[in-house]
Structure formats: C-alpha cells, structure tokens
1. Can you compute the FRET efficiency between GLU55 and GLU294 using 1/(1 + (r/R0)^6), with r the Cβ-Cβ distance and R0 = 51 Å? Round to the nearest 0.05.
2. Is it possible to state the helix-based mean residue ellipticity at 222 nm for the chain, with each DSSP H run of 4+ residues giving -39500 (n - 2.57), the sum divided by total residues, to the nearest 500 deg cm²/dmol? What is it?
3. If I take every Cα pair under 8 Å that is 6 or more residues apart in the stretch 196-331, average their sequence separation and divide by the length, what percent do I get for the relative contact order?
4. Based on Cα coordinates alone, diagonalise the gyration tensor for the stretch 90-215, multiply each eigenvalue by 5, take square roots, and list the semi-axes in whole Å, largest first.
5. Quick one: ranking GLU39, GLU389 by accessible area, 1.4 Å probe, largest first, what do you get?
6. Per-residue accessible area for ASP157 at 1.4 Å probe radius, Å² rounded to 10?
7. What is the calculated FRET efficiency for ALA302 to ASP157, with r their C-beta to C-beta distance and R₀ = 35 Å, to the nearest 0.05?
8. Using the Cα atoms of the chain, I'd like the radius of gyration and the largest Cα-Cα distance, Dmax, both in angstrom.
Amino acid sequence: MLAAVPLDPSRTVAELKELRELTGDENGAQRVAWTETWERAREWLRGKLAETGTEEQVDEAGNQWFTLRGASDRAVLIGGHIDSVPNGGWLDGCLNMLAGVEVLRRIAEAATPPVTVRLVNWADEEGARFGRSLFGSSAAAGSMADQDELRQLTDSDGVALPDALTEHGVDLDRALDARTQLDSAAAYLELHIEQGPVLESLDLPLGVVLGTFGVERHRVTWRGQAAHAGSTPMDVRRDALAGAAKLALEIRDIAARVGDGAVCTSGGVVCRPGIVTSVVETAEQLLDQRHLDETRLAALLAQAKEAAARFAEEERIDVEWERIWSIEPILFDETLIDFADEAIAEIAGTSHRLPSGPLHDAAEVARAGVPTVMLFVQSLRGLSHTKLEDTREEHLELSVAVLDGLARRTIDWVAAGGGRSSG
Ligand SMILES: [Zn+2]
C-alpha cells in the first residue's frame, strides 16, 4: 500500500506560473528545444526534483529521465515535454511534467514503491526550430527512421541540426541508443491539455484519450482542357475544377457515411491556368482524411477514390492520386483507458472518451509496444500554441489529482504483473 501523503495540486499551478516567469516573455513561452532558455527550464526542473531522491539521467537523444527506484525494476513511466513553440502557451507539455513532479513527490515521501517510477522530459516534442516533431520520443521508441534527412535540416539562421544537438551534448548518430530506456517500461502515462474544443463544449474538465488518429494525405490532380471562356459552349467543356469541386462536397457525405468521428478536409485547390478567361485545365487538390479505426480510414479513402473516378467520367476529365503522407491509427491500452476513466470518475465526476487529432509523445511510446494512455484536461476556447492558451486553475488542480489516481492504479496493476513484461 502506498501511504497517503497528500498531493498538493495548488503547488503545481504555482510552479507553472514560476516557469512562465522564468522562461516566457510578453509574447508567451520561449522554451524552444536546443536553446539556452530550454536548458534553463531543464535546470529548473532538475532543482524541483532534487529533494525527491530521484536519480537523473540524460539519454543519448537528450531526453531527461528522473528515476525513483522501487522494489522491482519494472517501471511505470510518466511523460511530458518542457519545450514549447516560440510564443507558446504556459501549459502545453509542461503541465504534464509538473503534474508528474507532484505525483513523484507524493510517491517518494511514502515507503519504497513496489515498482520503479520514472518521469521523462522528452526532448524536442514540438520540432519548432528544425521542423521535426517528437525527436526524443521517436528515438527512444526506435521509430526514428529519418536520420539522413535530419542531418540536412537547418534552422532559420542556417545552423545545422547536428551542430545544435552537439551544443547540448547529443550526438545524432547515437540518438537511437536511447531505445534501451524503454526496456524496463511496463506502462506509460501522459497528461496533456486538450488543445481542442470538445471537453469545453461538453462542460467536462477531463477526458480519456483512446488513441491518435490515422491519417491519409493525398494530392488529387484533375486534368481537363483549357479553353476560351467566351467561345466554348458549356456542354463541350472539360473543366478540371468541376471534378475538384464535386469531390470537395462529396467528402462531407463520405465522412458522414463512415461516421464514428471521421473527418475529411479538402485543404486547398490550385487551378491552372488560373485566369478569369479560361476553363481550368489542371486542378491540384489536397485531401486529408482521418479516423481512429484502420478499416474505416481505408473506407474513407476507397469511397473518395470511387467518387473521384465517377466525377472524372461525368466531366470527361482525368484524375490521378498521389499519396503525400500517411500514418496508421495508434490505439491506447484498454486496461489503462479503464483506469483513467475510473480516476476521472472518482475525482472529477463524469468522464468522456475522445480521440486525439494531434500526435503526441505517447503515440511513439505506444508504437513501441508499451501499454499507454493519455488524459486530456479541458482547454479554454480550444486554443494552444499561442499565449492565449489557458485552462481554469481548478481544472489544472483536478488534472494533477486525476493523474495521481491513474498512477496509483497503474502502479498496483504493474506490481501485480500487469503491463508489458520487460523487453
Ligand atoms: Zn504538447
């Protein structure tokens, strides 16, 4: 049994404000990864954990780990990221870290925990300086497959990514050695602000995240015939934009048919020649489709392709599909989802299950086979990545208590043999 040293969630809110003072300015948070301000934030975090008796280690990818040894080496991980975008908000990423600090304090003040508990500050979640998100967590998960491309990346001042990393003691060639950090991981927990409007619209403080959306992104190119806008009768035109326009409307029906949270976006259409006196010859349309279920994601794509072929025939034009990017849905662990539901119900009342649109470090950890779950706490006005990002203080405090409730259940579960067995 873990002794009942009370949590102090109000301390978390005070520390978030302290961090904001230390690393923000009038435009918001400035903790961009691989900068001095980011190092200052990491140093400050180190100080916060000094009294807990945790051991600190910075791994080969720059992730900062704080380990509280338990009776068993099998570890429950709590993660977040202290880096921010430029002019960022005061909660994104660092709420997770500071709530984790408070939970660790509570556990550390009691007797030796039955399993090891580790808090991880992932390096460069945002990818704000070099455009590559989830750097540290993808290295630890072993899914970083783009080291050759990373070598070529430069920031807006022309500094190469490998050089910036070296300044912070990270050798890009060795970053994947961080994989050993997950060897003992039995479960992974992450609290985050929602960064969207769903929980606020339901008037609920917290929700459980089911997983992250799978994404299909395509460029759909329609080809017709340029022709004079005055001399070409309507019935002989081969108008490329007509195909794109029909598809842009059809994807609403497709999303409704497939259902269960499906979203489809025609985010842009570029027309050529793009002048007022010509029928459109080429229309390049960008299409983004997302679903939490792999089969339904495939259905979204198949139905869009089917409809596009039909529209091409109706308009006597050609259509061609090119995949720009895709990722499979990443589902969180069912047992941990239940624990999260219970913890929310116990501390904050009604729970709600929702998918995550954005990717998070948790998705990388889940991909590596570690049972994972995330908690979302309500964001006001759904805003994030701006200094306007905010959450009610009472909800922040509730979120710390819920993370603690989830951690208690997870520790008991892992102690009883649940979670991933050591890799
Ligand atoms: Zn974040």
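1. 0.80
2. Details: 12 runs with 156 residues, N = 423.
It comes out at -11500 deg cm²/dmol, rounded to the nearest 500.
3. Averaging sequence separation for qualifying contacts and normalising by length gives 40 percent for the stretch 196-331.
4. Details: eigenvalues 171, 94, 42 Å².
For the stretch 90-215, the semi-axes come out at 29, 22, 14 Å.
5. Values: GLU39 60, GLU389 5 Å².
Putting GLU39, GLU389 in descending order of accessible area: GLU39, GLU389.
6. 130 Å²
7. On the way: r = 45 Å, r/R0 = 1.29.
According to the calculation, E is roughly 0.20.
8. Just the Cα atoms of the chain yield Rg and Dmax of 24.2, 87 Å.
The values are calculated or read from the model by the stated rules, or taken from the named source; none is laboratory data. No experiment lies behind these values; they were computed from the predicted model shown. Cβ: placed from backbone, ideal geometry, glycine included. Neighbour counts: every protein chain shown. In case anyone asks, the SASA skips ligands and DNA or RNA and just uses the protein heavy atoms, side chains included. Shrake-Rupley method; radii C 1.70, N 1.55, O 1.52, S 1.80 Å.
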